[in-house]
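Colleague: Take this structure first; my questions come after.
The values are calculated or read from the model by the stated rules, or taken from the named source; none is laboratory data. Keep in mind it's a predicted model, so treat the numbers as computed, not measured. FYI the Cβ positions are ideal-geometry reconstructions off the backbone, even for glycines, and counts take in every protein chain you see.
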Amino acid sequence: MDEHVAAVHRMQDYIAENLFEDISFFEVAKVSLFSPWHARRIFIEYLGISPADYIRKLRLRSAALKLRDEKTKIIDVALEHGFNSVDGFQRAFYKEFGCNPKEYANHPIPLQLFTSYDITYRYIERKKEKMSAKNVFITVIEKPARKVIIKRGITAINYWKYCEEVGCDVWGILVSMKSLSNEPVCMWLPKQYIKEGTSEYVQGVEVALDYNDVIPEGFDVIVLPESKYLLFQGEPFNEEDFEQAIEDLWEAEKKYDPTIIGYEWSKDNPKIQLEPIGKRGYIELLPIK
């Protein structure tokens, strides 16, 4: 890995681990193994944002999710997230999201949350050799009938093409929305759910059938029936190995025969992909009947 990429990665890790502490950039720069001046320069060069703004946006993201999910005082959220006063927190929250934190807590709406992508996702050394064989855990799960609020692409059939067409910031909006599955999903849609001139691959958030709240501009809603899925989960992996983890799981899916447990693959429901997170392993859900 390039020494600058590795340095930025170490700074991201340090910030994530100490986000709610009194972070000194001197300490952030120290883990980069470069001088504070040089550390700040490469941080901005690779992430397009200063370390101070990066920390502020991550704290405001966390604060918004806490206000969405918990009944708590604004002052407690402000102090927990490194703001010295309610006024300072309110100004920062309004500047970031365009709404007052108290109003948001009373009626959460979709927000454009900051998404911090690990630098190694963009600057990864492709490995030529295969990783050693890994275990894949498989279980049958049931999903209820539900709505999915989705952002359609144009021709995308995978994540990278989707980001080119739609932009990666969509994920921040989806994370801000309360989901039945507690996180956004990526989907490969069956033909009956694809509008003409739009993509097979989409990102979205699963909500209840009676959801009747705000739909973000440019998003669409589909309704999915009650259905069964095979959940495939790989072993935990190092973040820089995420592409190999995905490929390994795909190989396992190709080899698996669902008829041995009394099912067959279904083309009536979308295949679902969850965010690749190293500590839990890569996860996909394949529809069965």
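Colleague: Could you say whether any residue in region 219-226 is on the phi > 0 side of the Ramachandran plot and not charged (D, E, K, R)?
Modeller: Of the residues in region 219-226, the ones on the phi > 0 side of the Ramachandran plot are none.
No, region 219-226 contains no residue that is on the phi > 0 side of the Ramachandran plot and not charged (D, E, K, R).
Colleague: Provide a single number: the residues in region 135-181 that are part of a loop (DSSP other than H, G, I, E, B) and either on the phi < 0 side of the Ramachandran plot or modelled with pLDDT of 95 or more (or both). Before the answer, list the steps.
Modeller: Quick first cut of region 135-181, residues part of a loop (DSSP other than H, G, I, E, B) only: 135, 144-145, 153-158, 167-169, 176-181.
Okay, now just the ones that are also either on the phi < 0 side of the Ramachandran plot or modelled with pLDDT of 95 or more (or both), so 135, 144-145, 153-158, 168-169, 176-181.
Selection size over region 135-181: 17.
Colleague: Also: Looking for whichever is over 30 Å from P216 (Cα atoms) and assigned to a helix (DSSP H, G or I) here; the options are F89, F34, F43, F93. Which one fits?
Modeller: F43
Colleague: Among the candidates L58, L47, L67, single out the residue that is at negative phi, in contact with a helix residue (DSSP H, G or I) (Cβ under 8 Å, 6 or more places away or on another chain) and in contact (Cβ under 8 Å) with a residue 60 or more places away in the chain. Steps first, answer last, please.
Modeller: Numbers: L58 fails: in contact (Cβ under 8 Å) with a residue 60 or more places away in the chain; L67 fails: in contact (Cβ under 8 Å) with a residue 60 or more places away in the chain.
The unique qualifying residue is L47.
Colleague: Then there is this: When residues of region 241-265 are filtered for being within 23 Å of E183 (Cβ to Cβ) and among the polar types (S, T, N, Q), how many remain?
Modeller: 1
Colleague: Condition check: within 25 Å of E70 (Cβ to Cβ), of a type in the set (G, A, S) and either free of Cβ contacts under 8 Å to residues at least 24 places away in the same chain or in contact with a helix residue (DSSP H, G or I) (Cβ under 7 Å, 6 or more places away or on another chain) (or both). Does S176 satisfy that?
Modeller: It is true that S176 is within 25 Å of E70 (Cβ to Cβ), of a type in the set (G, A, S) and either free of Cβ contacts under 8 Å to residues at least 24 places away in the same chain or in contact with a helix residue (DSSP H, G or I) (Cβ under 7 Å, 6 or more places away or on another chain) (or both).
Colleague: Just the residues that are surrounded by fewer than 19 Cβ atoms within 10 Å (Cβ to Cβ) and not in a helix (DSSP H, G or I), please, taken from region 51-81.
Modeller: E70, K71, T72, K73
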